[in-house]
Number of protein chains: 2
Amino acid sequence: MQGNQAQRFPVAVLEQKVAAALRGAGASEASLAAAVRAMLHASLVGVDSHGVRLTEHYCTMLGGGRLNKNPQLKVDVRGPGSAMVNGDDGLGHYAAYKAVDVAIELALEAGVGAVGIEHSSHLGAAGAYALAGAERGFVTFATTNTDSMVALFDGAARFHGTNPLAFAAPVPGSKPWLLDMATSSIPMNRVLLHRSLGLELPAGVAADKDGRATTDPQAAEMLLPLGGAEYGYKGAALAGVATLFSALLTGTTLDADFIPMYGGPGGDISTPRNMGHFVLVIDPDKFAGRDLFGAMVTRYLASLRGAPVREGAERVMAPGDREWEEMARRQQDGVPVDPDTARFLGL
Amino acid sequence: MQGNQAQRFPVAVLEQKVAAALRGAGASEASLAAAVRAMLHASLVGVDSHGVRLTEHYCTMLGGGRLNKNPQLKVDVRGPGSAMVNGDDGLGHYAAYKAVDVAIELALEAGVGAVGIEHSSHLGAAGAYALAGAERGFVTFATTNTDSMVALFDGAARFHGTNPLAFAAPVPGSKPWLLDMATSSIPMNRVLLHRSLGLELPAGVAADKDGRATTDPQAAEMLLPLGGAEYGYKGAALAGVATLFSALLTGTTLDADFIPMYGGPGGDISTPRNMGHFVLVIDPDKFAGRDLFGAMVTRYLASLRGAPVREGAERVMAPGDREWEEMARRQQDGVPVDPDTARFLGL
């Protein structure tokens, strides 16, 4: 998302500026703290599409009334391992981090905590919540459905969102194993980037208005599911898994029924979107036990990172490795911020 | 897997013949009943690689001592939502179906049941267990790790198995939504089939001994993860999810450490493989409630099946649709059985 004009800023400065902007838009301290944390996670690991650039969007929605400035979260425990969190239509990050806390509390006793979230809104990067669980020592799964943007396999219209599946696992003495993947091959932002740069898209990742695969970013009207022209039924089904857990199980909004995220021309920015998410937390102590689990994760990752490398590649990486390296770089050199966002944040 | 020589046999005949073969090999009635059920599931939905053709393999392993003929399952409840099932080294199907039962029992109270399985063995198609939960009204996830056969992204050696992720959800008045996907693009059987037919493989699904992508089935030494040359890091990470839940959480065997499934020349068929699996069951009644959940699944599937179709395609299908159609066909016309298996079963 950031071009050459992007300037780098220290993390602490961004934290302060993003918080100030959300505070200025009226968000409560508790809800804005969660949003800052999630946006900074994304910005640090290099997922700029879900990073601090969303501050302006969230401020617009706080102003428009879609987002409740002072949400009062409600936790409804449904069983020893299950609960629903009602986000009261505030910033989605607030409800999602709360769901991780609730799930951990349940898992400590039940061994597993499954928490649905309703009356929420955009939560940023789903990986932030998988990570939050793993940082506290739990295997964690987080997912959400999102605005329709990806064709079905053999379909000719947007159906699912880019519906992420995020998993994380604690690793003794190290950053967690972390997977945060869209169930499309690429994000819509990549199409927009290629459009602005006049670059062809890779084959099998986007389609024109009739669902025909295209490499022309100008013609691309929708994304194709992971797996491409031949195996895209798998990616489409995985997008369905996100919808199953996030919307169907929680009784919230289907991908195609969302009021568009950005409202659009004449769009609605005052009605809450009733977005759903889902978080699952598992306590290794109720299974192999934390020691054996930790030893096995460590051995698994060592063997993965030490695997023979194919000609032309540099090395084999574990999920998260690229992100943790980017985080280290950005903690040292600062986080690149695009000019529009820098202006909005008063940087 | 079946060529033109495959003959079709009625389901009831196969059930009886497969049971008789396993009984002849010494398997207890309880353990063989589970294996028959799982193999017939696979054979009916068209997954012949995991269907009745495995009968001979299981009989060999019962005879060799790898499989315990009379396993005594042990259930160890670890918390209100968690348990471990010890398969006592018997047929994996027996332990896996038991885990579904245990998970459902836990979920009825806790809202969720997470059950790890240890000291198990090959369980056939993971979808059989996701389906078993969905048929009783629960959203179900089942996974296992398997023998190394798939390269890592940028890797040059077999690392993960084809590690399936299976999800199923109940649909009111209809067959369940069912996804049972390998995290490679194709199964190894496809390579063998193309090899015997002298047909090129699709691009990006297999690699030669140095990890170079190849379409030559003779040169193919390993599979590539879902996502192919550009996005295979997603498929590799999903294979890691299967290993995370099945092996790391349960403290069982890593993909690369399995004694080879078929033993091979001079191979070991007497030592148990300590294979792990994982089953998760969620009760919709503790979330949206069964009525709302059912109504939403129904609406979601209607909208999916009614989605606009791209030129050249016939229709859009939901996960499971192809399988249920194949099942209806095979229930009527019989199940095709390859000549070797037919001979073994005395058909």
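In table form, for the structure just shown:
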item: Hey, A:Val102 over 20 Å from the mean Cα position of the chain (by Cα), β-branched (Val, Ile, Thr) and either farther than 25 Å from A:Pro260 by Cβ or at pLDDT 95 or above (or both) or not; result: no
item: Test: residue in region A:247-257 that is assigned to a loop (DSSP other than H, G, I, E, B) and loosely packed, with under 15 Cβ neighbours inside 10 Å; result: no
item: Residues that are buried (at least 24 other Cβ atoms within 10 Å of the Cβ), under 20 Å from B:Val115 (Cβ atoms) and out of contact with any Asp or Glu (no Cβ under 6 Å at 6 or more places or on another chain), drawn from region A:98-116; result: A:Ala103, A:Leu106, A:Ala110, A:Val112, A:Gly113, A:Ala114, A:Val115
item: Number of the condition not met by A:Lys175 [criteria: (1) more than 10 Å from chain B (Cβ to nearest Cβ); (2) part of a loop (DSSP other than H, G, I, E, B); (3) touching a helix residue (DSSP H, G or I) at 6+ places or on another chain (Cβ under 9 Å)]; result: (2)
item: Filter pass, A:Ala142 being more than 12 Å from chain B (Cβ to nearest Cβ), of a type in the set (Gly, Ala, Ser) and part of a helix (DSSP H, G or I); result: no
item: Residue pairs meeting the criteria (Cβ under 8 Å; at least 6 apart or on separate chains; first free of Cβ contacts under 8 Å to residues at least 60 places away in the same chain, in region A:297-316; second charged (D, E, K, R) and not in a loop (DSSP other than H, G, I, E, B)); result: A:Arg305/A:Asp321; A:Arg315/A:Arg305; A:Val316/A:Arg305
item: Yes/no for A:Val279 being surrounded by 13 or more Cβ atoms within 10 Å (Cβ to Cβ) and outside any strand (DSSP E or B); result: no
item: Test: residue in region A:77-97 that is touching a residue at least 12 places away in the same chain (Cβ under 8 Å), under 17 Å from the mean Cα position of the chain (by Cα) and within 13 Å of another protein chain (Cβ to nearest Cβ); result: no
item: Verdict on A:Ala99 being part of a strand (DSSP E or B) and of a type in the set (Gly, Ala, Ser); result: no
item: Residue check for B:Leu123: closer than 18 Å to A:Val281 by Cα and modelled with pLDDT of 95 or more; result: no
item: Residues located in region B:240-261, provided they are out of contact with any His (no Cβ under 9 Å at 6 or more places or on another chain) and among the hydroxyl-bearing types (Ser, Thr, Tyr); result: B:Thr253
item: Residue check for B:Arg158: among the basic types (Lys, Arg) and modelled with pLDDT of 95 or more; result: yes
item: Residues that are part of a loop (DSSP other than H, G, I, E, B), crowded, with 24+ Cβ neighbours inside 10 Å and within 8 Å of another protein chain (Cβ to nearest Cβ), drawn from region A:212-246; result: A:Leu226, A:Gly227
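Residues checked against (1) charged (D, E, K, R); (2) within 20 Å of B:Asn189 (Cα to Cα):
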residue: B:Ala12; (1), (2): no, no
residue: B:Ala20; (1), (2): no, no
residue: B:Arg23; (1), (2): yes, no
residue: B:Leu32; (1), (2): no, no
residue: B:Ser49; (1), (2): no, yes
residue: B:Leu62; (1), (2): no, no
residue: B:Gly65; (1), (2): no, no
residue: B:Asn68; (1), (2): no, no
residue: B:Pro71; (1), (2): no, no
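Yes/no matrix, rows are residues, columns are (1) at positive phi; (2) assigned to a helix (DSSP H, G or I):
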{"position": "A:Gln5", "(1), (2)": "no, no"}
{"position": "A:Gln16", "(1), (2)": "no, yes"}
{"position": "A:Arg23", "(1), (2)": "no, yes"}
{"position": "A:Gly26", "(1), (2)": "yes, no"}
{"position": "A:Val36", "(1), (2)": "no, yes"}
{"position": "A:Leu44", "(1), (2)": "no, yes"}
{"position": "A:His57", "(1), (2)": "no, yes"}
{"position": "A:Met61", "(1), (2)": "no, yes"}
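The values are calculated or read from the model by the stated rules, or taken from the named source; none is laboratory data. Just so you know, these numbers come straight off a predicted model, no measurement behind them. Glycine gets a Cβ as well: all are built from the backbone with ideal geometry, and neighbour counts include every protein chain shown.
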